[in-house]
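*Asks:* Let me begin by handing over the structure; questions about it come next.
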């Protein structure tokens, strides 16, 4: 039982703090024979990397990943893979003022209450820098998935920022890579830019909702009843910093539907079952249906803002704080590649688990059944 | 790695199917010395028991729990506790018509695609009867919690049924036990009764949102970063049948907040830190703050309805189906004690885990810190 | 993390005490589609059953197993399998004399020191009755193995009882089932009978060494470096009551060999690599070579003897004790089917794990490599 | 489930190969507040370091450990601790001759059969270099133990090399650090030096038995029935490279004892129970008695010898091989600190686990019980 690990057979342990020498992911259970090099992983880290535009933190980190173990002659060997990212921008500064103050909305106070330690240099282990290690692990997972489910494709994108939602009618996969918010709606991208710029200038921040869709997931993946595909996805997303809600398919709105509306009817297509709709988000009873797996998660606004807030010190004195720093007005933007990475890790894990539990997909629907 | 288990130190494995001889929970890691008898567990099973009123399934199950191991002279011994519930109402009937048909919205089709098995007698392992075992495990957890966190109190209640939400202004803890829906709002209880009666008569069904609140949770409980308290709660709730979304604190609505609104300000009270609000739902960085832990989950409408839906057979032929049966028009009602039980199991687990990891709560905020 | 569980993908949790209503095994991860009925499991329980001859305890237990979940129409479904054995001979008696005394060599004192509980009715959870649940789980494992490794055959036998060892020159597989000791040496069986009869009459007891051989294990099974096949076998055997040592291949005698003697030379046979010898016990680097997997474990003499021993009470008073009871003069005899069962569980587990990790056996030695 | 991890609450994952850039240990679950620096860990690595005298491999590795995460201001924070050791002596050479040959007694062939990969540069993941990471993890464990069991002291030493055993009558704790073999017998140290020198010059190798004793282990530690203290110790030792047997207390010799001889009688001392002997090796029913915990493990001779052995190639051709290299004539010597490290990790793990499961040691023997 490692509390800093996730996954059953594709097991990822992340380690490292925001202001230590390095952070990384120790990955156990990657299948052998997967072609991999640092560039394949780096592309995803670059997507998450801070300081790329004015909408994300100005901390400058190269976020260069090194593979320290587990490969030989360009392929994985089946042994643990160590992915290390050195911290380069651990800006030295005078912490005097905030050293003993707890930042509201941050985990400073609870880490102190649990561990008795106050790492005043930054978020330490609770910093969003930890997600760089997740993205690295997800990049590897994507490569490993190729041999097991060649058509599987994972795409994350923002669907809401503050009060602004995308127009589902205007949804366009091609737009996602064309704007700094990974929004599948060109008009929204434009509108949001102005909105976020205003927030940034005022030193404020805002929340967001990210949707991640996996297309090409084979039917039959998932492990009832406590390792359900949706259970593991919910845990994976909720474990990301600042996430406060997770939805599969209809999500919270399922409460408003009647049984007639919610049940996706089944017909027979040339390649197997087809469904009239996807209220289920591609998962029934914790097992994939073969439809798109669709989830959403909500990210709260970062608590580092330029407005004065009331707080207390370690000594229990009441005081005030302004959290200056190099922070994102909408951390949801950089959560997009993190959500994709978690989806990749969970799906690879369940592809492997299914193979271990069942061998090959057993129940084929058709005349011979 | 047991896929039918959850928990780290308080480890619950449920077993059994809707139409087998029995079902139950194998519990490993309950501390020794907890006073327990079958009655203490039975009270929670009775809360979930079917057939209690016209709003829940008419299947008649005594749901009587037997303790088969792990106790001696009325207290737990530290060894595994086997809680068994025999199935008594496995009504024999002619399945001829639906034997080969998949019920839309149910897990029949995905279980078949995964395992190659079609248990046509009912939901089998995917049936909501599995949740009886969870409730039993939760009942034991409540007793074990008493020694570790004497003030901890867990309460579940419905906050939405279909389009109808409770009036938060009218929230009244005392009302929860006074109506068949566990609604903390007397007027809502009345209105919902009429609404649900209509649905029941028309053979339809509807979804719901359940909220579970834990009061008296000590600060410092939770295990970053992949065993966070909210991560484990999200997984626990999402693993319940028919759940499609989970929220902590503000949940999905956190997306709409600015940093100023979202950050709960901290002041110093007589017994430790106090907060101006609880947008965080009692959890920061995966660790409890000492505030109420508040979560919500959405339950989809049961897919067993009297309206004809299109589906296919095992042989891949298109056909239609009406799912008659002894089902609940709103399964969300009986999900209330299940949600409470999962909350109890997760909190006990983290109380134990905290003790193993840290000993006693280490960081005390005050003059001596 | 369940402390009463073992296995990675074939996960067995045993539960129950010697004097409770029942005991059993909750098995998670058995593949679907395995033909199974109670008789297939019962045959192995009958082999372990007490009271079969004068050399084993006179406690009379039917040890009848019931399958409570996880099967449908005679095959496993992929869901948890509950195997329950009811205790029938919980002889009521006056414990007055020994109620507060700790029996030397038994776990009474350490269980009390750990849990604060003294279950004076017998061994409780530390009783060898727990091994009945292991044997049931092993019986199921044997059936599941058939589809994965059809030639795999597991045989346990005694090779030493007290000072008496078998004659390796006289080793005869056919003899094993022909005598009450499962000894592969007819003469030894005869000699040991007289020896053990003497011990039994004098109320004494003696230790033993059991060897378990698995023939037909495919090459490539095992998971370095902390889930090695030999690591998991060592843990499995050491977890059996009264076991004090475990050896793989040469075992402790490997210390006396030189490198020249110890290295098994490799040649090429018609079906793959062949070895000139098997000092390794069929395992190199934690992975099976395709040779016989051979292990031995030593069982200490039961501590229940008719000779007075010094001991203390719960209150710390010095006293004496004679442990009357229905015990085995050589518990090693009944450890034979237990060792076989653990071997079966570990091998099935690693067959499944290998499939999950690697798919099919990847490295084929031959011209195309 | 990580196959490259061990431990329940003190969870160690090792990573890295003999010829990669680095190796290390990712440690999750170390309690917060443990004073630690690299020097405290380095002392144990130095004990294991190769090239220190003519009896160990001439590979020159500084084996310098770096702490990359999990500490702040000189104490552990409760977050994962990454201990990294860079490989510096990855001597480049012409592997042409042995590239496709399997070295008998090594894991080359089984790794290839499992993973389809032949890392011909050395042992790769199966190399004994992996044990450096264990020693680092053990060094940290020793520091963490100090707060939980201040009197706990772990000492490893050789008791047999080839046919030569120590004289138990001459056992002297003070001698252990005075000779290159960590032998508690001055005469043996002298004799063995001459013996091993002969083996080294002839290019041969020999096996050994190491004993590890833990003094000052509190009573009540250990977790029945599959996480018993002896079970976990057996697994820990058997997972070390080249280990073929593990014994607790009497070990394999327990087979030869009668019940009268084996049962350690109990008396009452000033600080609690005392025992007339320690056949049990300090463990009853998987739980510590408070006596010394004593185990032994056998290490086979290294298979890298200068004598020609028959083998095959990847292509299945029969051939011969001489394994030149920088190897140890008796790998058992360097296994001493590795055995100590594993003992430290297991004991710390069980101290933490006990705290999580039971809180404080519950059953006190004495007048008030």
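*Asks:* Name the pairs: first residue in region C:71-87 and without any contact (Cβ under 8 Å) to a residue 12 or more places away in the chain, second residue assigned to a loop (DSSP other than H, G, I, E, B) and buried (at least 24 other Cβ atoms within 10 Å of the Cβ), Cβ to Cβ under 7 Å, at least 6 apart or on different chains?
*Replies:* Close Cβ pairs (under 7 Å, with a partner that is assigned to a loop (DSSP other than H, G, I, E, B) and buried (at least 24 other Cβ atoms within 10 Å of the Cβ)) amount to C:79/B:17; C:79/C:69; C:79/C:70.
*Asks:* Among the strands (runs of 3 or more DSSP E) contained in region A:218-305, which hold 3 or more residues that are out of contact with any helix residue (DSSP H, G or I) (no Cβ under 8 Å at 6 or more places or on another chain)?
*Replies:* A:266-269, A:272-275
*Asks:* Now a separate question. When you check residue D:79 against the structure, is it more than 23 Å from residue C:289 (Cβ to Cβ), part of a loop (DSSP other than H, G, I, E, B) and away from chain C (no Cβ under 14 Å), yes or no?
*Replies:* Taking the combined requirement at face value, the residue satisfies it.
*Asks:* Now for a different question. When region A:195-210 is examined, which residues are found to be closer than 18 Å to residue A:181 by Cα, within 12 Å of chain B (Cβ to nearest Cβ) and in contact (Cβ under 8 Å) with a residue 12 or more places away in the chain?
*Replies:* A:195, A:196, A:199, A:200, A:204, A:205, A:206, A:207, A:208, A:209, A:210
*Asks:* Then there's this: How many residues are under 21 Å from residue B:204 (Cα atoms), in a loop (DSSP other than H, G, I, E, B) and within 11 Å of chain A (Cβ to nearest Cβ) if we restrict to region B:316-330?
*Replies:* 5
*Asks:* Also, I was wondering about something else. How many residues does region C:166-191 hold that are farther than 26 Å from residue C:344 by Cβ and outside any loop (DSSP other than H, G, I, E, B)?
*Replies:* Total satisfying the criteria: 6.
*Asks:* Return a yes/no flag: does region D:331-346 have any residue that is in contact with a strand residue (DSSP E or B) (Cβ under 8 Å, 6 or more places away or on another chain), at pLDDT below 95 and part of a loop (DSSP other than H, G, I, E, B).
*Replies:* yes
*Asks:* Residue under question is residue B:363, and the condition is that it be within 14 Å of chain D (Cβ to nearest Cβ), over 25 Å from residue B:209 (Cα atoms), touching a residue at least 60 places away in the same chain (Cβ under 8 Å) and outside any loop (DSSP other than H, G, I, E, B); does it hold?
*Replies:* no
*Asks:* Out of region A:126-150, which residues are buried (at least 24 other Cβ atoms within 10 Å of the Cβ) and closer than 21 Å to residue A:62 by Cβ?
*Replies:* A:129, A:130, A:131, A:132, A:133, A:134, A:135, A:136, A:137, A:138, A:139, A:140
*Asks:* In region C:273-304, which residue that is more than 24 Å from residue C:163 (Cβ to Cβ) and under 18 Å from the mean Cα position of the chain (by Cα) is surrounded by the fewest Cβ atoms within 10 Å (Cβ to Cβ)?
*Replies:* The selected residue is C:292.
*Asks:* Return the only residue of D:150, D:104 being facing chain C (nearest Cβ under 10 Å), at negative phi and not in a helix (DSSP H, G or I).
*Replies:* On the way: D:150 fails: facing chain C (nearest Cβ under 10 Å).
Every option except D:104 fails the conditions.
*Asks:* Moving on to the next point. Just checking, which of B:283, B:240, B:287 is at the interface with another protein chain (Cβ under 7 Å from one of its Cβ atoms) and under 27 Å from residue A:7 (Cβ atoms)?
*Replies:* Step by step, each of B:283, B:240, B:287 is checked, and only B:287 is at the interface with another protein chain (Cβ under 7 Å from one of its Cβ atoms) and under 27 Å from residue A:7 (Cβ atoms).
*Asks:* Same structure, new question: Looking for whichever is facing chain A (nearest Cβ under 9 Å), under 18 Å from residue D:340 (Cβ atoms) and buried (at least 24 other Cβ atoms within 10 Å of the Cβ) here; the options are D:41, D:27. Which one fits? Write out each step before concluding.
*Replies:* Working: D:41 fails: facing chain A (nearest Cβ under 9 Å).
Unique residue meeting the criteria: D:27.
*Asks:* Here's something else I'd like to know. Take the residues in region D:167-182 that are away from chain C (no Cβ under 14 Å) and in contact with a helix residue (DSSP H, G or I) (Cβ under 6 Å, 6 or more places away or on another chain); name whichever of them is surrounded by the fewest Cβ atoms within 10 Å (Cβ to Cβ).
*Replies:* Only one residue fits best here, namely D:179.
*Asks:* Consider region A:1-41. How many of its residues are in contact with a strand residue (DSSP E or B) (Cβ under 9 Å, 6 or more places away or on another chain), without any contact (Cβ under 8 Å) to a residue 24 or more places away in the chain and farther than 18 Å from residue A:347 by Cα?
*Replies:* Of the residues in region A:1-41, 4 are in contact with a strand residue (DSSP E or B) (Cβ under 9 Å, 6 or more places away or on another chain), without any contact (Cβ under 8 Å) to a residue 24 or more places away in the chain and farther than 18 Å from residue A:347 by Cα.
*Asks:* Go through (1) at pLDDT below 95; (2) surrounded by fewer than 24 Cβ atoms within 10 Å (Cβ to Cβ); (3) closer than 24 Å to residue B:225 by Cβ; (4) within 8 Å of chain B (Cβ to nearest Cβ) and name the single condition residue A:309 misses.
*Replies:* Single failed check for residue A:309: (3).
*Asks:* Here's something else I'd like to know. Out of (1) more than 7 Å from chain D (Cβ to nearest Cβ); (2) farther than 30 Å from residue C:321 by Cβ; (3) in contact (Cβ under 8 Å) with a residue 40 or more places away in the chain; (4) surrounded by 23 or more Cβ atoms within 10 Å (Cβ to Cβ), the odd one out for residue C:213 is which?
*Replies:* Going through (1) more than 7 Å from chain D (Cβ to nearest Cβ); (2) farther than 30 Å from residue C:321 by Cβ; (3) in contact (Cβ under 8 Å) with a residue 40 or more places away in the chain; (4) surrounded by 23 or more Cβ atoms within 10 Å (Cβ to Cβ) one by one, residue C:213 breaks only (4).
*Asks:* Can you confirm whether residue D:67 is under 22 Å from residue D:337 (Cβ atoms), in contact with a strand residue (DSSP E or B) (Cβ under 7 Å, 6 or more places away or on another chain) and surrounded by fewer than 24 Cβ atoms within 10 Å (Cβ to Cβ)?
*Replies:* Numbers: under 22 Å from residue D:337 (Cβ atoms): yes; in contact with a strand residue (DSSP E or B) (Cβ under 7 Å, 6 or more places away or on another chain): yes; surrounded by fewer than 24 Cβ atoms within 10 Å (Cβ to Cβ): yes.
Yes: the conditions hold for residue D:67.
*Asks:* Checking residue A:270 against (1) surrounded by fewer than 21 Cβ atoms within 10 Å (Cβ to Cβ); (2) at pLDDT below 95; (3) at the interface with chain B (Cβ under 8 Å from one of its Cβ atoms), only one condition comes out false. Which one?
*Replies:* It fails just one condition, (3).
*Asks:* Also, I was wondering about something else. Within region D:116-139, restricting attention to residues that are modelled with pLDDT of 95 or more and over 16 Å from residue D:19 (Cβ atoms), which residue is farthest from the other protein chains (Cβ to nearest Cβ)?
*Replies:* D:139
The values are calculated or read from the model by the stated rules, or taken from the named source; none is laboratory data. In this text, all values refer to a predicted model and were calculated from it rather than measured experimentally. Every residue, glycine among them, receives a Cβ derived from its backbone with ideal geometry; neighbour counts consider all protein chains shown.
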